[in-house]
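One structure is given below, encoded as structure tokens.
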Amino acid sequence: MNITIVLYTISNLVLMLTAILLIPFGVACYYNDDAAMWAFTYTIIITGILGGLSKAFFRKKREEIGVRDSIAIVTFSWIVCIFLGALPFWFSGVCATYCDAVFETTSGFTTTGASIFKNVEILPHSILFWRAFTAWLGGMGIIVIFVALLPALGISGYQLFSAEVSGPTADRLKPRIGETAKLLWVIYLIITASMILALFCGGMPIFDAICHTFATVSTAGFSTKNTSIAFYNNLYIEIVVAVFMFICGCNFALYYKCFKREFKKVLNNSELKFFAGLILLAVLFIAMTLYFNRPEFFHGGIKDNRYYDLGNSFRYAFFQVITVCTGTGHASADFDLWPNACRFLLILLMFIGACAGSTGGAIKCVRILLLLKSSLRELTRILRPRMVKHIKLNGESVSEEIVTESSVFFVVYLGCFGISSLALMAMNTDIVTAFSAVATCMANCGPGLAKVGPMANFSDVAYAGKWVLSFSMLLGRLEIYSLILIFLPITWKR
């Protein structure tokens, strides 16, 4: 591993973070958030000094970043950004401990949306903005925006881009990787601007519209309201949010194909059809379960009449399935009060997640699709041992390496889930809370069940548990391998 190029790249990223912090500082000045202004000022000074001093020790070099270098850069860049990004929460006093600040920042950058704040409505505007802004930056990926700047820094970043972008393969839309990164951000900005306008036209205040947009297009789910989207009880807002959650849960490469008018390729995309079909079936199942179990809904001893209507059953089922499938975590209802079959299905959807190349987390639809096709092939081989059959996606054969990688990822993912859940239960956390908390953090989804349900928060989780869950969030966002490989001695050998 080339330590010099790793430290040089990270120092430049820290300087980029310093410039980014000027935006929430400006918001703090606009709203006269005195404590937040000083918090951002101190953070800007610290990040500026750290980035400037570290860069001064390393000479500028133009060279290719190797696989090991990219693993180290991506992993440590996220860790550094999280630890530095937590400072405004801590300095401003909204988080009593640095552990809480790190948890909230990790949740933001990894687009998880899990929160330790019991009452977000009393937080300063600039802190709410920074909270949503970290999610927006993490949605497309801190490294992706940085890769767009690498040519100016004299660094080649294909391996860096590949280590950052989610999914079994990193789609390369343009011949030059920097152009691909810029194109992805242009698409991201267009989607962001469109949603802000749509929410504002629906009557949502502009500040809320911006924060909810940042949290939606990044599939993070942070809200400026304690009851999330349920606060507005507005069908138009729910439809807008649900549509944009679905848009950002799809592979962003498909939008480039739409721009090139390759609509047939988009409509025939195997993963997209699987993703849409999964959502449709889940909505139908949950809506009908809600409708036929409607006498069982109680809120404080009073029957909740919202689910007596078939239309409302579909309304709430559709929104919650979309928000869980995409890993966004917005809530229009407390699904922890739903029948056990609905709760169980939503947890399963957390594991599956959205499409590769999206802002969503979890295992990804393409991997699940490959595993299903691989399982079907192996079952067929029992009856026809001499059969040679290739697995296909989008009409093209998939290499056995990618199929194997998907199988290994699935096993490792479940292994990490089991270990993290066991660690949480060792801290006297009940089994439902522990399982759902780890599941939602690894899937970068947000709400879980029981004590971390959609209308609750993570404030009562033990400090050690918050560090475990923070690690789980980062593990899910970096798709496991980068974070695990950094601990292996072979990664550090030249």
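Mind grabbing the accessible area of Lys257 for me, 1.4 Å probe, Å², rounded to tens?
60 Å²
So, R0 is 41 Å and r is the distance between the beta-carbons of Trp467 and Asn233; what FRET efficiency does that work out to, to 0.05? It would help to have the intermediate numbers written out before the result.
Values: r = 37 Å, r/R0 = 0.89.
Calculated transfer efficiency: 0.65.
Put Arg377, Arg343 in order of accessible area, largest first, 1.4 Å probe: what do you get?
Details: Arg377 15, Arg343 50 Å².
The residues order as Arg343, Arg377, largest area first.
Between Ile402 and Cys201, 0.36 nm times their residue separation minus their Cα-Cα distance comes to what?
Values: separation 201, 0.36 × 201 = 72.36 nm, distance 4.44 nm.
Residue separation times 0.36 nm, minus the Cα-Cα distance, leaves 67.9 nm.
Can you put Glu121, Glu405 in order of accessible area, largest first, using a 1.4 Å probe?
Numbers: Glu121 90, Glu405 50 Å².
From most exposed to least exposed: Glu121, Glu405.
Which residues' amide hydrogens lie under 5 Å from the amide hydrogen of Leu393, considering only partners 5 or more residues apart or on another chain, with H built in the peptide plane?
Under 5 Å from the amide H of Leu393 lie the amide H atoms of Val398, each far enough along the sequence or on another chain.
How large is the accessible surface per residue of the chain, computed with a 1.4 Å probe and reported in Å² as a whole number? Don't jump to the answer; show the numbers that get you there.
On the way: 20700 Å² over 494 residues.
About 42 Å² of surface per residue is accessible.
Percent of accessible area on the chain owned by carbon and sulfur, 1.4 Å probe?
Details: 13740 of 20700 Å².
That share works out to 66 percent.
Taking every pair of Cα atoms in the stretch 388-466, average 1/r, invert it to obtain the Kirkwood radius, and report Rg/Rh to two decimals. Mind dumping the intermediate values first?
Working: Rg = 17.4 Å, Rh = 14.5 Å.
That ratio equals 1.20.
To the nearest 10 Å², what's Ser54's accessible area with a 1.4 Å probe?
Ser54 has an accessible surface of roughly 30 Å² with all protein chains in place.
Just to verify a number: what accessible area does Ile79 come out at with the full protein assembly present, 1.4 Å probe, Å² rounded to tens?
50 Å²
Please express the Cα-Cα pair-distance distribution P(r) of the stretch 342-494 as a list of whole percents, one per 10 Å bin, running from 0 to the bin with the greatest distance.
Result, from short to long distances: 10, 34, 29, 18, 7, 1 percent.
Looking at the chain, I'd like the Rg to Rh ratio, where Rg is from alpha-carbon atoms and Rh is Kirkwood's inverse mean 1/r.
On the way: Rg = 22.2 Å, Rh = 23.1 Å.
A ratio of 0.96.
Run the quick spin-label model on Asp430 and Ala96: label points 7 Å from Cα toward the beta carbon, then report their separation in nm to one decimal.
2.2 nm
What percentages, rounded to whole numbers, describe P(r) for the stretch 36-120 computed over all alpha carbon pairs with 5 Å bin width beginning at zero?
Histogram of Cα-Cα distances, whole percents per bin: 3, 13, 17, 21, 17, 12, 9, 5, 2, 0.
Just need the Rg to Rh number for the stretch 344-401, please, alpha carbons only, Kirkwood Rh. Walk me through the numbers on the way to the answer.
Working: Rg = 14.0 Å, Rh = 13.0 Å.
Looking at the stretch 344-401, the ratio lands at 1.07.
So what is the calculated 222 nm ellipticity per residue for the chain, using -39500 (n - 2.57) for each DSSP H run with n of 4 or more, over all residues, to the nearest 500 deg cm²/dmol?
Working: 23 runs with 318 residues, N = 494.
Rounded to the nearest 500, the figure is -20500 deg cm²/dmol.
Once label points are set 7 Å from the Cα along Cα→Cβ at both Leu280 and Ala193, what is their separation, rounded to one decimal in nm?
About 3.3 nm, to one decimal.
The values are calculated or read from the model by the stated rules, or taken from the named source; none is laboratory data. Predicted model, so just to flag it, every value in this text is computed and none were measured. Backbone-built Cβ (ideal geometry, glycine too); neighbour counts: all protein chains shown. Quick note on the areas: whole protein, heavy atoms, side chains included, nothing else; ligands and nucleic acids left out. Shrake-Rupley method; radii C 1.70, N 1.55, O 1.52, S 1.80 Å.
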